[in-house]
Structures are given as C-alpha cells and as structure tokens.
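What follows is one structure encoded as structure tokens, with my remarks underneath.
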Amino acid sequence: MGRSATHRFDHLPDRLGLRGDIRRDLALGVLVGAVSVAVLWGSLPVLGSVEGVVLARGTIVCTGLVLLAQSLTLGLRRQNPVLSLVGVATLQVLLAALLPAGFDFHGPALFIAAYTCGTMMPLPRLAAVLVGCALVYGVAEGLLTGSLAPAAGPSLVEPGEPPSWVTAPIMAVSAFLIAGLVGMYMGTRRRYVALARLRDAEGLRAQKERAQAAIRAERTRMARELHDIAAHHLSGMVVQAGAAERLIGRDDEAARQAMGWVRAQGKETLTGLRAVVGALRDPDEGEARPGREADARDAPVPGLAAVERLVSTERELGTRLRLVREGAPYELPPIADVTAYRTVQEALTNTRDHAAGAQVCVRLWYRPQRFTLEVENEAGGFRDTDRRHRGLGVLGMRERADVVGARLDVGPTDGGGWRVRWEIPVEREESR
C-alpha cells in the first residue's frame, strides 16, 4: 500500500499535464506564493486590531511581491538546490526588513528549499550547506529585521528579550536541519522504491528469459524427435515402396501387402509428426485449434517397451537383426526410457544408411546398478548412396545422452563393423 501510494503521488503532476521539472517547480512556486500572500495579508487585520500595528499600503504591496518572487525561486530547486536555497533565504531577509520588528513571518518556500537540499545531497554536504546558510541568514535577518518598515504603531518587541540577531540564527539552524533531514528521509525512500521497482522489473525479465530459454530447449528436443521419426519411418517406407514397385506385374498379392505396410507406416509416421509439430506450434495457433493440439499431446512417446516392434519393422525391411536381452528387465526413468529407445532407433537407421545388408545385433543388459544397450553391425553391407548424410545422428544421440546423464561410445569394432554403446547408472530398491 505504501509503495502504491508513493507511486500515485509521484505521477500526479503527469496527470495534471505538468511534465518536466521546471514546469512542476514553477507551478509549485505559484501555488506556494499564492498561499503565502493570502496568509500574510489575512493576518494583517488581526495584527492591526490586536497589536495596533498598521502597515502602509506600499509596504503591503511590496511584501506580496517579495513573497511571490521568493516562491518562484523554487523553480530552480532541482536544477541548483543550493542557489534556490540562497535566493529564498535572501528574499526572506528582505521580507523581514519590510515587516515590523517582532512580527516574524516565514513563508513555506524557505522550508521547501531546505527540504529539497535534503533529498538531493549526501549528509556531510547537506549539514555544511544548511548550517552555513542558516547562520548567515539568521544573523542577517536579526540585524535587518524591521529596518525598512516605517513606524506604524507600538513596537512588538518585548523589553528584556534577547536581540534577534542572537535568537534568529539558532531558530534558523533548527528549522533548516529539520526540513533537510525530512527531505533526506523522503529522498532515501524514493530511491528505495525506484530500486525495488527496478529489481521487480529485472526479476520479471529474467523469469521471462528463463521461460523462453526453456521453450527453445524443449523445441530443440522436439525437433530431434521430428528428425528421428521422419528418418526412421520414411526411410523404411522408401525401401518397402521400392520393393513393391519391383513386384508389380510379377506378384501382385505381395505388392499389395507391401503397399499396405507402407500405408500403415505412413499413418504411424503422420501421427508422430503431428505430435512433434503440435508441440512446436506457436501457443496462439494451438489455442485457435485445440482439437489438433489435444491429439498431439495424447500421442504416446515410445520407450524400450516398443523395441520389439522396432526390431520387427526392421526385419520386415530386410535387415538381418538379432535382439538379445540379458538380466531381469526393469523400467528406466521416463526420460531415460525414451532416450534409450531413440538411441536404438537412430543407430538402426544409421546402419541401414551406411551398412545396408550387414548382420546387426541389438543387446539390452539389465544389471543391478547399470543399464546398457548396444547396437552393433558386422563388417560388410553397402552404403545407400541415394541418401544424403543428415549429420544429426551421432550428435543427436550424444546430446540426448548428456541430458539424462548417460555415457555414449560410438566407433568402429575390431572386426571392421560399427558399434553404438549407451550406458546409464540406475538406482533401484534392490541395489540400495
């Protein structure tokens, strides 16, 4: 509530059309001058009726002009607060000289100027400026008070009172310091509020940047999913479609079966692509088409439970493949499970691209504290020269392994083949 009230007060001049420090300070000076003149002139009839002191018309006009000039000096209070304070104090001495001795009238401009110095100066300089100015002002006011006022009735100075040049500096120092310290407190408060707003804005900006970075990272992972799905399924569809093309006219039934497989794989690929593209779609577009977004989110992400199906698909494509499991199977953490499946999928795709026709073995080792998968192809086979090297295979597997804390080793075997080995530590109840 305090910060909100300060914020509204600081923006009140903007709502009134007063933009810029000089305009605001001049408007303040006009307001302070009008109030000061009204208070002074309103107190003159009371002074005449109670004390019997009557001022000449010329003196009254001069005091009004001095008060207005003194208040307009506040227009410099933020550009040069010391000069503004000196100007206001000088005009206050002139005002004291125009008024009868004993009739002390101090306009608000003097305290506003001291307050402004407090908001803009460090404490050592503030103390030096206020004390020095107050002493000079107090002595000058004490010595010159009533010097320009014509005799207009009985004296207002009580007999036995100490001279004003003694009391005026003491009162001036006290008043200046109080106004300056209040200004220092308010200046510190405003700076604190400004820093708090800046900190909140920086916190929101940092939070937004972290959210955007997380979105970009997630979309990068989804892009790799898109690559894996498209590369694996579409390459198989190309191979099977080529086989069906050769069977047309010779074995139509086999050609129909091959094309049926292509159709089924095409639907599965399309579902996978919708899942990934749905995650990559802009949020606004996803809100505009909620049906498709829901379909994409509901599409299951494959894990090691789908390896049997993956192996069966590869065998249908003509790959000589053997699946070996060792140890009692157990479930991996979800992200590691998906990553392991994608590693097998990418390794088989790379084998089809670079060693088509070679014998391939997929091994899954379920050990108490570590899980290892290995995809190894023997020497032989041939490179599919019609397919370009995509460049994301090993890189994608390595990035995924880093994400889940797995170790990835990729390289040639002693027999001239190629091996992809992926290993991750596991924590299970039995191993604790």
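The values are calculated or read from the model by the stated rules, or taken from the named source; none is laboratory data. No experiment lies behind these values; they were computed from the predicted model shown. For neighbour counting, all protein chains shown are included, and Cβ atoms are generated from backbone atoms with ideal geometry for every residue, glycine included. What goes into the accessible areas is simple: the full protein's heavy atoms, side chains included, and nothing from ligands, DNA or RNA. Shrake-Rupley method; radii C 1.70, N 1.55, O 1.52, S 1.80 Å.
When you check A127 against the structure, is it over 40 Å from the mean Cα position of the chain (by Cα) and either surrounded by 17 or more Cβ atoms within 10 Å (Cβ to Cβ) or part of a helix (DSSP H, G or I) (or both), yes or no? Criteria not met by A127.
So for segment 260-273 (the condition being modelled with pLDDT under 70, open to solvent by 70 Å² or more (accessible area, probe 1.4 Å) and in a helix (DSSP H, G or I)), does at least one residue qualify? The answer is yes, given that some residue of segment 260-273 is modelled with pLDDT under 70, open to solvent by 70 Å² or more (accessible area, probe 1.4 Å) and in a helix (DSSP H, G or I).
Of the listed requirements (1) open to solvent by 40 Å² or more (accessible area, probe 1.4 Å); (2) more than 15 Å from G29 (Cβ to Cβ), L72 misses just one: (2). For residues that are surrounded by 14 or more Cβ atoms within 10 Å (Cβ to Cβ) and modelled with pLDDT under 80, scanning just segment 365-384, find the one that is farthest from S235 (Cα to Cα). Going through the qualifying residues, I end up with G381.
Evaluated against (1) open to solvent by 50 Å² or more (accessible area, probe 1.4 Å); (2) within 24 Å of G33 (Cβ to Cβ); (3) without any contact (Cβ under 8 Å) to a residue 60 or more places away in the chain, Y137 falls short on exactly one condition, (1). Once segment 329-346 is narrowed to residues that are charged (D, E, K, R) and open to solvent by less than 20 Å² (accessible area, probe 1.4 Å), the residue that is nearest to G242 (Cα to Cα) is E346.
Pairs linking a residue in segment 36-53 that is under 13 Å from F103 (Cα atoms) to a residue that is modelled with pLDDT under 80 and open to solvent by 40 Å² or more (accessible area, probe 1.4 Å), with Cβ atoms under 6 Å and 6 or more positions apart or on different chains, are G48/V54; G52/G153; G52/P154; V53/G153.
Restricting attention to segment 7-53, the residues that are of a type outside the set (A, V, I, L, M) and either at pLDDT below 65 or assigned to a loop (DSSP other than H, G, I, E, B) (or both) total 15.
Yes/no matrix, rows are residues, columns are (1) at pLDDT 75 or above; (2) surrounded by 15 or more Cβ atoms within 10 Å (Cβ to Cβ); (3) of a type in the set (G, A, S); (4) not in a helix (DSSP H, G or I):
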residue	(1), (2), (3), (4)
E141	yes, yes, no, no
P150	no, no, no, yes
V182	yes, yes, no, no
V193	yes, yes, no, no
A196	yes, no, yes, no
A211	no, no, yes, no
E218	no, no, no, no
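State whether the residues of segment 413-432 include one that is open to solvent by 50 Å² or more (accessible area, probe 1.4 Å), assigned to a helix (DSSP H, G or I), in contact with a Pro (Cβ under 8 Å, 6 or more places away or on another chain) and at pLDDT below 80. Checked against the condition, which is being open to solvent by 50 Å² or more (accessible area, probe 1.4 Å), assigned to a helix (DSSP H, G or I), in contact with a Pro (Cβ under 8 Å, 6 or more places away or on another chain) and at pLDDT below 80, segment 413-432 yields at least one hit. When segment 302-328 is limited to residues that are in a loop (DSSP other than H, G, I, E, B) and in contact (Cβ under 8 Å) with a residue 60 or more places away in the chain, the one that is surrounded by the fewest Cβ atoms within 10 Å (Cβ to Cβ) turns out to be G318. Pairs are defined by a Cβ separation below 9 Å, a sequence spacing of at least 6 or placement on different chains, a first member in segment 329-357 that is assigned to a loop (DSSP other than H, G, I, E, B), and a second member that is charged (D, E, K, R); the pairs so defined are Y330/R428; Y330/E430; E331/D337; A355/E378; A355/R383; G357/R320. Is it true that some residue in segment 102-118 is surrounded by fewer than 22 Cβ atoms within 10 Å (Cβ to Cβ), among the acidic types (D, E) and more than 19 Å from A172 (Cβ to Cβ)? For segment 102-118, residues surrounded by fewer than 22 Cβ atoms within 10 Å (Cβ to Cβ), among the acidic types (D, E) and more than 19 Å from A172 (Cβ to Cβ): absent.
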